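Here is the structure we will look at.
The values are calculated or read from the model by the stated rules, or taken from the named source; none is laboratory data. This one's a predicted model, so the numbers in the text were calculated from it and none came from an experiment. Every residue, glycine as well, gets a Cβ built from its backbone with ideal geometry; the counts of neighbours run over all protein chains shown.
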Amino acid sequence: MDIKYRVTRSRKRKKTISLQILNESEVLVSAPYFTPPNEVRRFVQEKQNWINKTIQKHKEDSLKNKAKEYKTGEHFFYLGQSYPLEVFSEPFDNERVVFRNNRFYLNTQKNKNSWKYYFVSWYKKKAHDFIHERVDFYSRMLKLRYGTLKITSAQSRWAACSEDNNLTFSYRLIMVPQAIIDYVIVHELSHIREKNHSPRFWKLVEAFIPEYKTHRRWLKENHHKFIL
Ligand SMILES: [Zn+2]
């Protein structure tokens, strides 16, 4: 990838060239006044990895706390991938959110309050079908029987297993990669046998999801991305 950068030259600066990431597409290079352009270019090329990494991090940070606006071009997660949204208005079609050809379509009128609701409904339906199937699959595999299964709107927790083995999963879980969903499912099913996070519990999880530690860390680091 070619990096676009702007150079400021300073007479005060003696020797060193420094870099500053201004935003997702702009890098500022500060250089001593008489630094030849090819030296600046070489410096930027050498730092390319660092620049790419930092820009990526900036992008992720800016996604962190942004409330969704439900505008064309905005991205939404589904099974670990993010897909662009296209907003349109077709009053005679009552399907509100459609996912087709790797793109979300939101059919909406001016009533802003319902936009989020349409997406939540869509996610809930997908979560219900997908998670049900995976829970049944792992329930057979682990030979553990659960009570009921419910999809909730929980924001702060992904899933839970009650005293009497009823399982709940947040609809947000359908936004993360399948490997992570499977880990969360095996985690909750394992609570049917072990109602705690003892070493015995983690052994049970590990038997079916050997890389569970990576998935746990991933959830901790990424949970903020999956809020509508
Ligand atoms: Zn747990």
Quick check, is residue 78 at pLDDT 95 or above and in contact with a helix residue (DSSP H, G or I) (Cβ under 8 Å, 6 or more places away or on another chain)? yes
Can you name the condition, by its number, that residue 71 falls short on among (1) out of contact with any helix residue (DSSP H, G or I) (no Cβ under 6 Å at 6 or more places or on another chain); (2) closer than 25 Å to residue 221 by Cβ? (2)
Across segment 87-101, what is the number of residues that are surrounded by 10 or more Cβ atoms within 10 Å (Cβ to Cβ) and either within 27 Å of residue 131 (Cβ to Cβ) or modelled with pLDDT of 95 or more (or both)? 5
In segment 145-177, which residues are more than 19 Å from residue 78 (Cα to Cα) and in contact (Cβ under 8 Å) with a residue 40 or more places away in the chain? 145, 146
Qualifying positions in segment 81-119 - of a type outside the set (A, V, I, L, M, F, W, C) and touching a helix residue (DSSP H, G or I) at 6+ places or on another chain (Cβ under 7 Å): 96, 108
Would you pick out the residues in segment 184-199 that are surrounded by fewer than 21 Cβ atoms within 10 Å (Cβ to Cβ) and either closer than 30 Å to residue 59 by Cβ or away from the ligand (no atom under 13 Å from the Cβ) (or both)? 199
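Condition test on residue 143, is it surrounded by fewer than 18 Cβ atoms within 10 Å (Cβ to Cβ), more than 16 Å from the ligand (Cβ to nearest atom) and at positive phi?
Working: surrounded by fewer than 18 Cβ atoms within 10 Å (Cβ to Cβ): yes; more than 16 Å from the ligand (Cβ to nearest atom): yes; at positive phi: yes.
Answer is yes for this residue.
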Kindly check whether there is at least one residue in segment 35-54 that is under 30 Å from residue 183 (Cα atoms), free of Cβ contacts under 8 Å to residues at least 40 places away in the same chain and within 28 Å of the chain's Cα centre (by Cα). yes
So residue 181 ticks every box in (1) within 16 Å of the ligand (Cβ to nearest atom); (2) closer than 24 Å to residue 84 by Cβ; (3) of a type in the set (A, V, I, L, M, F, W, C); (4) surrounded by fewer than 21 Cβ atoms within 10 Å (Cβ to Cβ) but one. Which box is left unticked? (4)
When segment 93-133 is examined, which residues are found to be touching a strand residue (DSSP E or B) at 6+ places or on another chain (Cβ under 7 Å), among the basic types (Lys, Arg) and either closer than 22 Å to residue 73 by Cβ or outside any helix (DSSP H, G or I) (or both)? 96, 103
Which residue pairs have Cβ atoms under 8 Å apart, sit 6 or more places apart or on different chains, and have a first residue in segment 191-206 that is at negative phi and part of a helix (DSSP H, G or I) and a second that is more than 9 Å from the ligand (Cβ to nearest atom) and among the hydrophobic types (A, V, I, L, M, F, W, C)? 192/144; 193/144; 193/204; 204/142; 205/186
Which of (1) among the charged types (D, E, K, R); (2) in contact with a Pro (Cβ under 7 Å, 6 or more places away or on another chain); (3) over 22 Å from residue 173 (Cα atoms) is the odd one out, the single condition residue 86 does not satisfy? (2)
Would you mind stating whether residue 167 is within 16 Å of the ligand (Cβ to nearest atom), over 20 Å from residue 85 (Cβ atoms) and touching an Asp or Glu at 6+ places or on another chain (Cβ under 8 Å)? yes
